[in-house]
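Asker: Sharing a structure below in structure tokens format, with a few things to ask.
The values are calculated or read from the model by the stated rules, or taken from the named source; none is laboratory data. Since we're looking at a predicted model, the values are computed, not measured. Cβ placement follows ideal geometry from the backbone for every residue including glycine, while neighbour counts extend to all protein chains displayed. These accessible areas exclude ligands, DNA and RNA; they are computed on the full protein's heavy atoms, side chains included. Shrake-Rupley method; radii C 1.70, N 1.55, O 1.52, S 1.80 Å.
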Amino acid sequence: MIPALGQTVDCGNLGFEEGTTRGWVLTNGVVSDVGTQAVFGSENAGTFENGHRLMQPGEGNDPKITAEAIPVVPPGSNYAIRIGNVTRGTRYDRIRTSMLITPDNTLLQYKFAVILQNPNHEPYQQPGFSLRITDKSGSTIACSFYNVTASGSIDGFRNQGDLRYRNWTTGAVDLRDFIGQTITIEATAHGCTERGHFGYAYFDAQCLKAEITQGLFCPAYDQTVTLKAPDGFASYQWSNGATTATIQVPPSQGARYWVKVKPYSSLNASCEFQFDHVVSVPPAEAPTPHAAAICEGDAFRLGDSTYTRAGTYLTRVRRGAGRCDSLVRLTLSVRPLGRFSEKITICEGQSYRIGSAEYRSSGTYTTRFARTGKCDSLVTTELTVRPLNLAVSRDTLIRPGTRTLLQAGGPSGGPYRYTWSPESGLSCPTCPVTWAAPDSTTRYTVTVEDTELGCVRTASVVLTVGHCVFFAPDAFTPNGDGTNDQFFIQGTACVRQIRELIIYDRWGEVIYHRKNLPPSQPDSGWNGLYKEALAEAGVYAYRVAVEFVNGQVVQQRGTVTLLR
């Protein structure tokens, strides 16, 4: 006894997209053969063993077929149902539902994949799969019946060992003549009648509208209109001779096209029905005008395009799926930047700041200034850094009543002013070179000033006056320029020798140690090297023992600054 339907399905769950079997009746039973026909025994409600299983894409592919991938859910769907026993024969699974046909679901599209074991039995004893759709009177709707059983060769099937399989196949049934009626959908999968061989199938379905659909046509740039017939048919024949599901036609308002389609069918390959369509195209719209202005060096972006030069551009602006893109006629103007130039001279060691930038060396620099509501300004600065170097004679010893030449090695010519201090004992306190005859030990300081820029540099020299004295300078510059490159001890004629000279770094380590050196000899001093490498600039301590001609030895400690 076949259970009463008692349930109908709506399009929302025809393909089990709710993840349930709502609206479907699941039954099972025993299949046997009587005479030369397969007989489906008592139909029991519910599921037996491993039948009637909802499948999801995450479960991958069918495990029995390895020759090619058969997904357990067809591409584009979220669920499918597996019907049939996957381990043995003599069993059948069936799903059944009823559905009311409306103008919006006049095309039933179904998908199935089938795996049948071929036992080499008689055809009526073999595993099989069938699909049947009936009207309210129980009559099979034309071109809606599909039935197949395992055999050596099946149309549309492939072989893997003793398995016959068909990958996902799409079929469709035209239901336009049944609007307002309730139809019944029934799918059955079964094993062989001799108990040992299985047969099962995957099934999915959806509601469509029996019509040709027209793709989006945008008259501003499209040259053709796309017409698409429903998927799921064995063949297509268009009124223009095309044989594909989709065609491109000229955009002629009111043009009529039809397509004749043949569904898949195991009984009647001559099933055919026709869809008609009248082309409708919107009028072309003029491009939208748009004016814009940018500053020189900037860019204007419209849609996917970027413009940097003045001109008129026709630009396509995308509006997203399902909508025609816009055409914009852009008129772009470019405003120039403000430009200014300047020449600046600064002293060495000074810097010149303009905006957020600061420059310290000679060169030509371009600085950009933002101006609110206006284009930026570009300022080109030609910067000259005027050097102001100053060197002075080394510290020295002189006898009372004698004189020595003091020389300031600075810039010559130009707006420079020299001043020596103190002035006592000097022949020319305002000259870069002057004679000095101090009465006593004196430190002379020379200042050079750039009178245009106001830059100032100073240097000093110590003249030690005495009959029997020695002198250690407080700084030296071992840079190889031939002036003040060594640290050495100077002495008058009463100094016999420098018995010992020791120099220490800031951690107290001895970095220079010499004995029995002649006085007043630069080559007998420290040249600023330590272990054949340049010593760091800084302050170093020293200890010196000086021996006079009368045999007296005097020791002195002090510091010297090494300048780089």
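Asker: So what's the net charge close to L327: Lys and Arg +1, Asp and Glu -1, counting the other residues with Cβ under 14 Å from its Cβ?
Answerer: Cβ neighbours under 14 Å give a net charge of +1.
Asker: Please report the Cα spread of region 182-224 along all three principal axes, rounded to whole Å, starting with the longest.
Answerer: The principal-axis extents, from largest down, are 67, 28, 11 Å.
Asker: Over the heavy atoms of K111, what accessible area does a 1.4 Å probe trace out, to the nearest 10 Å²?
Answerer: 40
Asker: To the nearest whole percent, what portion of all C-alpha pairs in region 142-220 is separated by more than 18 angstrom?
Answerer: Cα-Cα pairs of region 142-220 separated by over 18 Å account for 60 percent.
Asker: I've got another one for you. At 0.36 nm per residue, and after removing the present C-alpha to C-alpha distance, how many nm does the segment from T441 to R557 gain when stretched out fully?
Answerer: 39.8 nm
Asker: OK, next. Rounded to the nearest 0.05, what FRET efficiency is calculated for E194 and Q253 with R0 set to 56 Å and r the Cβ-Cβ distance?
Answerer: My answer for the efficiency is 0.30.
Asker: Can you run the Rg to Rh ratio on the chain? Use alpha carbon positions and the Kirkwood inverse-distance Rh.
Answerer: In the chain, Rg relative to Rh is 1.51.
Asker: Would you mind pulling out the separation of the Cα centroids of region 300-342 and region 16-79, in Å?
Answerer: 58
Asker: Moving on. Once fully extended, how much extra length lies between R399 and D155, figured as 0.36 nm per residue of separation less the alpha-carbon to alpha-carbon distance?
Answerer: 75.0 nm
Asker: Given the C-alpha centroids of region 504-558 and region 466-493, what is the distance between them in whole angstrom?
Answerer: First find each Cα centre; the distance between them is then 11 Å.
Asker: Then there's this: Taking 7 Å along the Cα-to-C-beta vector as the label spot, tell me the E59-H467 distance in nanometres, rounded to one decimal.
Answerer: 12.3
Asker: Same structure, new question: For I179, what accessible surface area do you get with a 1.4 Å probe? Give it in Å², rounded to 10.
Answerer: About 80 Å², ignoring ligands and nucleic acids.
Asker: Can you give me the relative contact order of the chain as a percent, contacts being Cα pairs under 8 Å and 6 or more apart?
Answerer: 8
Asker: Measuring from the lowest to the highest alpha carbon on each principal axis, how far does region 171-306 reach, largest first, in angstroms?
Answerer: Cα spread of region 171-306 along its principal axes, largest to smallest: 87, 38, 31 Å.
Asker: Next question, about the same structure. Averaging the inverse of every distinct alpha carbon separation and then flipping it gives the Kirkwood radius. What is it for region 364-423, in angstrom units?
Answerer: The Cα-based Kirkwood calculation yields 17.0 Å.
Asker: Just the isolated ones, please: cysteines in the chain lacking another cysteine beta carbon under 4.7 angstrom.
Answerer: Unpaired cysteines in the chain: C192.
Asker: Right, something else. For L302 and R339, what does the FRET efficiency come to when R0 = 30 Å and r is the distance between their Cβ atoms, rounded to the nearest 0.05?
Answerer: It comes to 0.60.
Asker: May I pose another question? Which longest uninterrupted range of the chain lacks any chymotrypsin sites (Phe, Trp or Tyr not before Pro) assigned by DSSP to a loop state (not H, G, I, E or B) and surrounded by at most 13 other Cβ atoms within 10 Å?
Answerer: 222-506
Asker: Run the quick spin-label model on V34 and D162: label points 7 Å from Cα toward the beta carbon, then report their separation in nm to one decimal.
Answerer: In this crude label model, V34 to D162 measures out at 2.8 nm.
Asker: Right, next: With a point put 7 Å past each Cα toward its Cβ, work out how far N389 is from S412 in nm, to one decimal.
Answerer: 1.4
Asker: Any idea what the relative contact order of region 77-216 is, in percent, if you count C-alpha pairs under 8 Å spaced at least 6 apart?
Answerer: Relative contact order here is 46 percent.
Asker: Of the accessible area of the chain, with the probe set at 1.4 angstrom, what percent is carbon plus sulfur?
Answerer: So the carbon and sulfur contribution to the accessible surface is 48 percent.
Asker: Determine how large the accessible area of H190 is when every protein chain is in place; take a 1.4 Å probe and give Å² rounded to the nearest 10.
Answerer: So the heavy atoms of H190 present about 10 Å² to solvent.
Asker: Taking R0 as 35 Å, what FRET efficiency do you get between E18 and R309 from their Cβ-Cβ distance, rounded to the nearest 0.05?
Answerer: For E18 and R309, the calculated efficiency is 0.05.
Asker: Run through all the Cα pairs of region 71-229 and give the fraction in each 10 Å bin from 0, expressed as whole percent.
Answerer: So the P(r) values, bin by bin, are 10, 33, 29, 17, 7, 2, 0.
Asker: Within region 530-561, list the residues whose amide N lies under 13 Å from a label point set 7 Å along Cα→Cβ of C494.
Answerer: Counting only backbone N, you get 547-554.
Asker: Would you calculate the volume per residue, in Å³, of the smallest convex hull containing every Cα atom of region 10-148?
Answerer: 143
Asker: Using modelled amide H (1.01 Å from N, peptide plane; none on Pro or chain starts), what sits under 5 Å from the amide H of R335, excluding residues fewer than 5 places away?
Answerer: The list, which skips near neighbours in sequence, is I294, C295, E296.
Asker: Right, something else. With every protein chain present, what is the per residue accessible area of the chain (1.4 Å probe, Å²)?
Answerer: Per-residue value: 50 Å².
Asker: List the residues whose amide H sits under 5 Å from the amide H of S235, counting only those 5 or more places along or on another chain, with H placed 1.01 Å from N in the peptide plane.
Answerer: Amide H to amide H, under 5 Å and 5 or more residues apart or across chains, S235 pairs with K262.
Asker: Go through region 476-560 and name the trypsin sites (Lys or Arg not before Pro) that are in a DSSP coil and have 15 or fewer other Cβ atoms within 10 Å of their Cβ.
Answerer: Taking region 476-560 and a limit of 15 other Cβ atoms within 10 Å, the loop trypsin sites (Lys or Arg not before Pro) found are R506, K531.
Asker: In sequence order, what are the phi-derived ³J(HN,Hα) couplings for region 507-513 according to the Karplus relation 6.51 cos²θ - 1.76 cosθ + 1.60 with θ = phi - 60°, rounded to whole Hz, with x for glycine and proline?
Answerer: Each residue's phi maps through the Karplus curve to give 9, x, 7, 6, 10, 8, 8 Hz.
Asker: How much length would be gained if the chain were fully extended between A541 and T66, taking 0.36 nm per residue of separation minus their Cα-Cα distance, in nm to one decimal?
Answerer: Between A541 and T66, full extension yields 162.1 nm more.
Asker: Take every Cα pair under 8 Å in region 1-100 that's 6+ residues apart, average their separations, divide by the length, and report that relative contact order as a whole percent.
Answerer: So the answer I get is 35 percent.
Asker: Same structure, new question: 5 Å is the cut-off here: which amide hydrogens, built 1.01 Å from N in the peptide plane, fall below it relative to A210, excluding neighbours closer than 5 in sequence?
Answerer: Residues meeting the amide H criterion: T106, L107.
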